[in-house]
Amino acid sequence: MTVLDLFAGAGGWDLGARAVGLDPVGLELDRGACSTRARNGLPTIRADVARFPLAHVARIDGLIASPPCQEFSPAGHHRGTAVAAGRLIYQVTRWAEALRPRWIAAEQVPHALAIFREHAEALRAAGYSAWAGILTAADYGLPQTRLRAFLLAALDRPALPPEPTHAEGGGPSLFGEVAPWLTIGEALPHRHGVTLNPGRTATQPNRRNYTLDEPAPTIAF
């Protein structure tokens, strides 16, 4: 299966993809990220996703993308598509329309959800099943309550989010029996008696300490 990973970074998507039998080729411009990928044996093309000539790309099976999130985050003051880096989010549909992969999976910070919903509408008009929404990392076995916007699309099957495997407190749910959220202490069992203090920012002045019996928060700047 031929899979491309746009804005591939150091390879988080690709390591996960390898765990399910895929081996994406990453497109990444940052030299440091490309070096990290090379050290981990991840196939990489050093290129600018926005300038890459799509006429030379063969048909692909899957398209992965994590467009730069800084301009949609508090660190970028939520400037979004008002700046060039924020407009890179539209490369997802540019590549999808040109290459028409069987499936698409894209991720961004929650403030990008409105644009992902626009993408989903465009993909449905092009014959895809598409879904856009927010998922919580803790619901899938990670010890962190990180929220992320996702865009999923497919040509040959319904595009639906994965069923949660965990929930706060665990127990019965709409998706059957699920495990409790994984805590910091379970993920870092040697850190007894430690609390996590993510500090305070102008946008989150009342942040509290997090103990080892709960998931970690997303640390924002």
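In a GNM of the chain with a 10 Å cut-off on Cα contacts, which of I115, I89, I64 has the highest mean-square fluctuation?
I115
Over the stretch 44-201, average the accessible area per residue using a 1.4 Å probe and give it in Å², no decimals.
With all protein chains present, the stretch 44-201 gives 54 Å² per residue.
How compact and how long is the stretch 25-146, expressed as Rg and Dmax of its alpha-carbon atoms in Å?
Looking at the stretch 25-146, its Cα Rg and Dmax stand at 15.3, 42 Å.
Can you find, among G76, I104, T218, the residue farthest towards the positive end of the dipole of the chain? Put +1 on the C-beta of Lys and Arg, -1 on that of Asp and Glu.
With unit charges placed on the Cβ atoms, the residue in question is G76.
Within 12 Å, Cβ to Cβ, of A137, how many net charges do the neighbouring residues add up to if Lys/Arg are +1 and Asp/Glu are -1?
The answer is 0.
Percent of Cα-Cα pairs more than 18 Å apart in the stretch 2-52, please. Please list the in-between numbers first.
Details: 240 of 1275 pairs.
Pairs farther apart than 18 Å: 19 percent.
Grab the alpha carbons of the stretch 41-112, take their convex hull, and tell me the volume per residue in Å³.
Taking the convex hull of the Cα positions in the stretch 41-112, it is 113 Å³ per residue.
Ignoring any ligand, DNA or RNA, what whole percent of the accessible area of the stretch 38-137 comes from carbon and sulfur when the probe is 1.4 angstrom?
52
Given the options F72, F116, F52, state which has the largest fluctuation in a GNM of the chain using a 10 Å cut-off (strictly under) for Cα springs.
Answer for the Gaussian network model of the chain: F52.
Take the stretch 74-197, drop everything but the C-alpha atoms, weight them equally and run the Debye formula without solvent; then report log10 I(q)/I(0) at 0.17 Å⁻¹ to two decimals.
-0.95
Report for the chain the percent antiparallel among DSSP-assigned beta bridges with both residues inside it, nearest 5.
Around 50 percent of the beta bridges assigned by DSSP in the chain are antiparallel ones.
In debye to the nearest 20, how big a dipole does the chain give about its Cα centre with +1 on each Lys and Arg Cβ and -1 on each Asp and Glu Cβ?
Result for the chain is approximately 640 debye, rounded to the nearest 20.
What do you reckon, how do Y128, Y210 stack up by accessible area (1.4 Å probe), largest on top?
Y210, Y128
When all C-alpha to C-alpha distances in the stretch 114-179 are sorted into bins of 10 Å, what percent of pairs does each bin hold, rounded to whole numbers?
With a bin width of 10 Å, the distribution comes to 22, 39, 29, 11, 0.
Taking just the C-alpha trace of the stretch 1-90, give me its Rg and Dmax in Å.
Rg and Dmax of the stretch 1-90, Cα atoms, are 13.7, 39 Å.
Would you please report the Å³ per residue occupied by the convex hull of the alpha carbon atoms in the chain? Display every interim value, and only then the final one.
Values: hull volume 33.5 nm³, N = 221.
It is 152 Å³ per residue.
The values are calculated or read from the model by the stated rules, or taken from the named source; none is laboratory data. Please read all numbers here as calculations on a predicted model, not as lab measurements. In this analysis, Cβ positions are derived from the backbone assuming ideal geometry, glycine residues included, and neighbour counts consider all displayed protein chains. In case anyone asks, the SASA skips ligands and DNA or RNA and just uses the protein heavy atoms, side chains included. Shrake-Rupley method; radii C 1.70, N 1.55, O 1.52, S 1.80 Å.
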